[in-house]
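For reference, the structure discussed in these notes is given below.
The values are calculated or read from the model by the stated rules, or taken from the named source; none is laboratory data. What you see is a predicted model; the values in this text were computed from it and never measured. All Cβ positions, even for glycine, are placed from backbone atoms using ideal geometry, and neighbour counts span all protein chains on display. Remember, those area values only see protein heavy atoms, side chains included, never the ligands or the DNA or RNA. Shrake-Rupley method; radii C 1.70, N 1.55, O 1.52, S 1.80 Å.
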Amino acid sequence: MPSPVVLRGRHSSIFITFANAVPVIAAWGRNVGGHPDSATLASLQSAVPHGGFDAHSAITVLPVHADASGAAPAVEGHRSDGTSWAPRFQMSSIDVRLAQSGTVARSEASLVGTSSQAGVSGTNSGEEGSGDAIEVTLDDTVAQLRIVWRLRIDTFDVVHTSITLRNTGSNPYVVSRCMSTLPISANAREVLDFPGRWTYEMQPQRRPLGFGALLWENRKGRPSHKNAPGLFVGPNGFSENSGEVAGFHLGWSGYHELRVDRLPNGQAYLQAGQALLPGELVLGPGEEHTSPTLFGCWSETGLNGVSQSFHEMLRARTSHPKTVRPVTLNTWEAVYFDHRHERLTALADAAAKVGIERYVLDDGWFLGRRDDKAGLGDWYVDPAVYPQGLGPLIDHVRSLGMEFGIWFEPEMVNPNSNLYREHPEWTLDTDGYEQALSRNQLVLDLSNPDVVEYLFERIDSILSAHNISYVKWDFNRDIVQGSHEGRASMSTQTNALYGLFARLVRAHPNVEFESCSSGGGRADYAILEHTKRVWTSDCNDALDRQSIQRTFSYFFPPEIMGSHIGPKHSHTTGRVHTLGFRGSTAFFGHLGVEADLTQLDQPELDQLANIIGAHKEWRDVLHEGQVIRLDHPDTSAVAHGVVSFDKKRAVFSYAQLATLPATIPTDLRLSGLGQDTEYLVEFLNFSGTNPFGAMKRPPAWVETGVVLSGAYLTQAGLPLPILHPETAMLITLKAR
Ligand code: GLA
């Protein structure tokens with residue numbers, strides 16, 4: 001049996017032992033020394049109770065039907081005659097790379113008599129934020145299958161794990177399940193997950209982690225509004241700043257399954273991977289399949305600790321935006337389908353005047369697209385609305401010093417389109433059944449190379465012909481009953497999408513892509529390998545955005561979070577909010593405006609220019625700093641902020657969501673600050689409108705500013721003025 005292995009991150013480590021020559025994550029926690037050796041481990045086996053198997057069976061990284069743990073099998077499948085359905089793997093070779101001790105590679109000879117050896121390269125070298133890594137090859141010589149299990153803990157404490165299943169036999173192997181498994185602490189008693197719906201994404205939901213399994217099964221063809229592919233577990237009452245918490249996220253944009261399971265013996269685990277459809281994955285002899293990466297992170301400083309690690313991990317990726325995030329104008333809620341040149345140029349003029357840097361032409365510019373009933377698929381500029389093409393509008397926008405961006409929804413087609421009339425066979429459906437329409441549209445079959453070729457050619461030609469620096473890539477319906485040549489094809493559909501993105505990014509390296517899916521329906525770490533922004537929600541209502549954005553920040557850093565100042569009357573909720581509240585809410589993301597600026601009066605335009613100006617002044621902190629969500633005790637309010645990594649500058653938001661039950665708010669205790677640092681604390685009143693409610697006077701610092709230490713702000717806090725419900729105030733801190 002191999003010796004135990006310790007993989008170390010910055011604050012956390014993973015202790016791997018081996019049960020029957022299969023890896024077990026025996027501990028995942030604080031990065032300490034003193035792990036027991038093999039001999040000591042033998043005396044630490046759990047008690048064996050009556051009424052069950054005669055030996056304790058730990059949950060391995062690869063649970064199988066044959067082991068006694070009772071955990072769901074990571075891999076399931078069978079040969080055409082039904083055999084080989086219950087494989088059982090044994091380690092053939094192991095490769096460990098320890099970054100801190102200067103890349104020590106260790107490759108052990110076969111333990112089960114096969115000639116296989118894990119390669120000593122490739123698990124880790126050159127990866128972003130690379131750290132300690134292990135790669136274990138396991139074989140089942142009876143079922144003739146091989147697994148390569150990989151796990152890496154990067155320098156930000158994020159664990160990356162996946163498995164590759166290979167058919168080493170001479171007949172096809174039908175795979176129905178191929179999942180990654182990570183342990184959950186036996187002390188965890190609560191699960192925090194994020195159900196939602198269109199315009200109300202990622203609403204936090206807590207429930208007890210009792211005995212039994214919780215299952216999140218997504219069959220929407222995108223992570224979807226309902227099934228955000230991530231969750232947290234921790235002890236009862238874990239919070240933003242406290243508790244031993246683990247967070248998980250699956251990097252996959254198709255169908256998925258997440259399972260949290262607590263067994264009768266108290267052991268618990270999380271398992272995640274693609275939700276494979278019947279018959280969709282058949283491995284021919286020698287073929288293999290790799291599961292999507294499951295990301296995990298352990299922190300003993302609550303949810304903030306996990307989020308900060310996730311943010312740093314994403315920021316270290318080469319695909320992450322490295323340039324200043326330009327303030328955006330999106331035309332959708334300003335003009336919808338009313339694409340008249342004069343209207344669009346007037347909007348551009350008004351946008352440039354308030355400081356907008358990127359103008360994004362939304363849906364409605366292509367052939368026949370006068371409403372949402374026609375045109376998808378016909379990616380040609382419509383001469384009916386753009387008689388001289390897009391050139392005049394783009395030139396106008398560029399002449400005002402703004403970048404130009406454009407909307408596509410490439411994977412979709414309206415039955416009322418030339419594309420559909422020419423190629424009805426290109427849709428993703430199942431022969432013999434009528435495919436359900438959603439927003440009057442169908443999905444294209446990306447497993448068909450002709451479809452991908454057509455889409456590449458169309459998008460490439462629009463991008464090549466014009467000075468376009470940004471594409472808002474939309475995806476506005478679920479995929480159901482999608483087949484390629486009669487067989488389920490969600491896995492190939494999703495991989496073909498990644499392939500198309502990769503090709504377009506290679507051809508147009510200076511174009512940024514945004515992932516939009518009726519708002520935040522496709523937000524995951526895999527799509528972010530190709531995109532630099534996520535459209536968080538079609539809801540621009542600042543009140544709902546406070547909660548949507550807060551939960552979005554659990555997984556994603558602010559610079560990729562599209563956040564727009566919408567119209568005064570929210571188009572999706574009908575609520576009316578001040579520009580101050582809308583601006584304070586949108587301030588913390590990749591800022592944009594999505595309203596008809598030509599309808600605003602001068603004082604409103606001036607306020608908007610102030611908000612944009614303040615955002616530009618603070619965006620280096622907002623987009624590069626550490627996100628801190630505060631545990632504020634008043635449930636009628638929420639507070640959060642961003643602190644620069646050198647702890648010299650910070651911006652916090654205090655939002656009064658509902659009527660304050662007490663006469664005055666609880667003092668706001670900040671966190672994430674330098675304890676010995678003296679800060680000038682000021683109210684950032686960019687909006688000109690007073691968010692304050694009825695009171696004789698606010699605390700004097702609101703007018704004058706005040707100098708306080710980080711320690712005082714953390715321990716005692718800041719007295720707050722009384723705010724009207726549905727308003728917010730921003731507070732800036734500058735080290736002296
Ligand atoms: C989706 C998007 C919106 C907008 C419309 C256009 O709903 O989420 O932002 O682009 O499509 O049809």
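Most simply put, the chain has about 85% antiparallel DSSP beta bridges, counting only bridges with both residues inside it. At q = 0.11, 0.13 Å⁻¹, what log₁₀ I(q)/I(0) does a Debye calculation on the Cα points of segment 422-561 give, no solvent, two decimals? Scattering profile of segment 422-561, log10 relative to I(0): -0.48, -0.66. For segment 298-309, backbone phi angles converted through the Karplus equation (6.51, -1.76, 1.60; θ = phi - 60°) give residue-by-residue couplings of 10, 8, 9, 10, x, 5, 4, x, 5, 4, 4, 5 Hz, Gly and Pro being listed as x. Relative contact order of segment 425-553: 23 percent, from C-alpha pairs under 8 Å at least 6 residues apart in sequence. As a ratio to 2.2 N^0.38 Å, the alpha-carbon radius of gyration for segment 328-472 is 1.11. Rounded to two decimals, the Cα-based Rg/Rh of the chain, with Kirkwood Rh, is 0.99.
Between His78 and Tyr380, the simple spin-label model (points 7 angstrom out along Cα→Cβ) gives 5.1 nm. Computed across segment 694-736, the Kirkwood radius stands at 12.0 Å (inverse of mean 1/r, all Cα pairs). Between rounded, prolate and oblate, where does segment 377-454 land on the alpha carbon gyration tensor, with a ≥ b ≥ c its root eigenvalues, rounded for a/c under 1.5, else prolate if a/b exceeds b/c? Taking the square roots of the gyration eigenvalues as a ≥ b ≥ c, segment 377-454 is prolate. Here the sum of -39500 (n - 2.57) over DSSP H runs of 4 or more residues, divided by the residues of the chain, equals -6000 deg cm²/dmol at 222 nm, to the nearest 500.
If R0 is 30 Å, what FRET efficiency do you get for Asp606 and Asp646 from their C-beta distance, rounded to 0.05? With R0 = 30 Å, the Cβ-Cβ based efficiency is 0.35.
Calculated FRET efficiency, Ser46 to Trp85, Cβ-Cβ distance, R0 = 35 Å: about 0.75 to the nearest 0.05. Each residue of segment 501-514 was assigned a 3J(HN,Hα) from its phi angle through the Karplus curve 6.51 cos²θ - 1.76 cosθ + 1.60 (θ = phi - 60°); the sequence is 4, 4, 5, 5, 5, 5, 6, 9, x, 8, 8, 8, 10, 10 Hz, with glycine and proline shown as x.
By the rule of a C-alpha distance below 14 Å, with chain neighbours fewer than 8 residues away ignored, the aspartates and glutamates paired with Lys532 are Asp474, Glu512, Glu514, Asp524, Glu559. Shape of segment 463-541 from its Cα gyration tensor (a ≥ b ≥ c, root eigenvalues): rounded if a/c is under 1.5, otherwise prolate when a/b > b/c, or oblate? Oblate is the answer for segment 463-541, as a/c is 1.5 or above yet b/c matches or exceeds a/b.
For segment 5-48 and segment 489-527, what is the separation of their Cα centres, given in Å? After rounding, the separation between the Cα centres reads 38 Å. When you restrict to C-alpha pairs under 8 Å that are six or more residues apart and normalise by the size of segment 420-478, the relative contact order lands at 32 percent.
Charging the Cβ of each Asp and Glu at -1 and of each Lys and Arg at +1, and nothing else, the dipole of the chain about its Cα centre rounds to 1380 debye. Using the Cβ-Cβ distance between Asp667 and Glu217 with R0 set to 45 Å, the FRET efficiency works out to roughly 0.50. Here, segment 534-641 has an Rg and a Dmax of 13.6, 41 Å when only alpha carbons are counted. In this structure the amide hydrogen of Ala143, modeled in the peptide plane, comes within under 5 Å of the amide hydrogens of Arg88, none closer than 5 places in sequence on its chain. Over the chain, Cα pairs under 8 Å with separation of 6+ residues give a relative contact order of 9 percent. Beyond 26 Å in Cα-Cα separation lie the following of the pairs Lys472/Lys734; Lys353/Lys696; Lys353/Lys647; Lys220/Lys322; Lys472/Lys568; Lys616/Lys648: Lys472/Lys734; Lys353/Lys696; Lys353/Lys647; Lys220/Lys322. Once you reduce segment 406-453 and segment 341-384 to the center of their Cα atoms, the two points are 23 Å from each other. Each residue of segment 419-428 was assigned a 3J(HN,Hα) from its phi angle through the Karplus curve 6.51 cos²θ - 1.76 cosθ + 1.60 (θ = phi - 60°); the sequence is 4, 5, 4, 7, 9, x, 7, 7, 7, 8 Hz, with glycine and proline shown as x. Segment Glu287..Asn187, full-extension length gain: 32.0 nm, with 0.36 nm per residue of separation and the alpha-carbon distance subtracted.
Which shape class, rounded, prolate or oblate, goes with segment 196-311 when its Cα gyration tensor gives a ≥ b ≥ c as root eigenvalues, a/c under 1.5 marks rounded, and past that a/b bigger than b/c marks prolate? Taking the square roots of the gyration eigenvalues as a ≥ b ≥ c, segment 196-311 is prolate. The accessible surface of the chain, taken with every protein chain in place and a 1.4 Å probe, is 51 percent carbon and sulfur.
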